[in-house]
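Working notes, structure below.
Each reported figure results from applying straightforward, stated rules to the coordinates on display, with no laboratory input. This one's a predicted model, so the numbers in the text were calculated from it and none came from an experiment. As a convention, Cβ positions derive from the backbone with ideal geometry for all residues, glycine included, and neighbour counts pool all protein chains shown.
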Amino acid sequence: MTETFYDVLRRQGVTRRSFMKFCSLTAASLGLGPTLAPQIAHALETKPRTPVLWLHGLECTCCTESFIRSAHPLAKDVILSMISLDYDDTIMAAAGHQAEEALEEVMKKYKGNYILAVEGNPPLGNDGTFCIPGGKPFVEKLKHVAKDAKAVIAWGSCASWGCVQAAKPNPTNAVPIDKVITDKPIIKVPGCPPIAEVMSAVVTYVVAFDRIPELDRQGRPKMFYSQRIHDKCYRRPHFDAGQFVEKFDDEGARAGYCLYKVGCKGPTTYNACSTTRWNEGVSFPIASGHGCIGCSEDGFWDKGSFYERLTNIPAFGIEANADKVGLVAAGVVGAAVVAHAAVTAIKNASEQRKPTKEEK
């Protein structure tokens with residue numbers, strides 16, 4: 001019988017109190033209310049650990065590098081306790097024929113009940129020979145493992161959109177996995193790489209509730225991709241005030257002004273970077289002085305220079321042009337200064353004017 005997550009924790013000496021605290025923190029990281037913590041606890045107490053098969057296509061392994069640095073929950077808790085990571089050719093001990101035999105065994109034993117996680121994408125050019133893991137084109141391996149999976153997770157922009165491998169002119173004909181897997185629900189977790197806590201939270205949600213999270217029209221979890229980085233950016237007040245960095249290391253940059261004019265793609269990028277942040281919530285690129293490059297959006301490699309400003313942002317009202325925002329802000333400030341000066345002048349004149357004999 002496969003152990004549950006709670007069984008593993010108890011065997012490791014974790015107390016009931018600590019377990020419930022973990023469930024509360026997990027609910028918070030998922031953006032769920034505290035009332036759902038008991039539901040998460042019940043699921044982790046009663047359900048066996050979910051088998052996960054993690055495949056690698058054309059990619060740089062940055063998604064794995066991000067995932068193993070998750071802090072809420074810790075990656076080791078996800079990998080060793082919450083799920084049963086039965087195949088991952090990057091971090092597993094087995095190799096060669098032994099690894100491939102383990103893959104086939106899990107697929108057979110847990111047919112229809114395992115999760116397929118995919119990092120990277122399949123190249124279709126030249127019959128898929130640009131990516132050959134285990135002696136076969138990756139596109140064949142992807143189709144083979146996906147056919148009996150319960151759900152599929154597309155890690156990163158490579159698997160979700162194609163990313164740099166699919167950038168023009170795309171000589172290998174690399175495609176996102178949803179162009180190959182068309183009969184399974186796919187959870188897209190884009191980013192180059194995705195945020196570690198977002199990755200572990202998605203896995204936790206599927207394990208705890210035995211269903212995929214609510215997705216937007218592009219297949220991304222709404223809990224993490226429903227708002228633009230611009231919406232919650234701590235530099236947003238500077239945007240609204242028309243205060244911008246004109247060039248890197250100018251006075252505006254030192255003052256922490258908005259990075260829109262030096263290419264920040266935050267107004268058109270949907271992700272949780274400005275709220276969840278990176279490195280255990282310490283920072284994200286904009287907080288480090290560099291504009292968002294829009295790495296979680298489809299085709300971001302082909303949208304021009306990362307430092308080319310967005311000249312037009314449709315459907316966002318006053319945000320259509322940063323110059324207009326600046327002019328409006330300057331106009332409002334100027335009008336306020338003029339009005340204040342006029343009131344002050346009238347007040348001073350009133351105070352300084354001496355009364356006449358008749359007035360006395």
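With 0.36 nm allotted per residue and the present C-alpha distance subtracted, the ILE91-GLU280 stretch has 65.8 nm of extension available. At an R0 of 41 angstrom, the distance between the Cβ atoms of MET20 and HIS144 translates into a FRET efficiency of 0.50.
As a rough footprinting exposure proxy, the listed residues ASP178, ASP210 were ranked by other beta carbons within 10 Å of their own, and the order from fewest upward is ASP210, ASP178. Counting every other Cβ atom within 10 Å of each residue's Cβ, LYS150, LYS141, LYS21, LYS108 order from fewest to most as LYS108, LYS21, LYS150, LYS141. Close amide H contacts of ALA151 (hydrogens built in the peptide plane, cut-off under 5 Å, sequence separation of 5 or more or a different chain): LEU116.
Would you list ARG217, ARG10, ARG49 from fewest to most Cβ contacts within 10 Å? Could you put the intermediate results ahead of the total?
Values: ARG217 5, ARG10 15, ARG49 20.
Listed from fewest to most nearby Cβ atoms, that is ARG217, ARG10, ARG49.
Cross-link pairs exceeding 22 Å between alpha carbons, from the set LYS109/LYS147; LYS179/LYS232; LYS109/LYS179; LYS108/LYS179: LYS179/LYS232; LYS109/LYS179; LYS108/LYS179. Length available on full extension from ALA102 to SER226: 0.36 nm per residue minus the Cα-Cα distance, which gives 40.9 nm. For the range 104-166, the set of GluC sites (Glu not before Pro) satisfying both a DSSP loop assignment and a count of at most 15 other C-beta atoms within 10 Å is empty.
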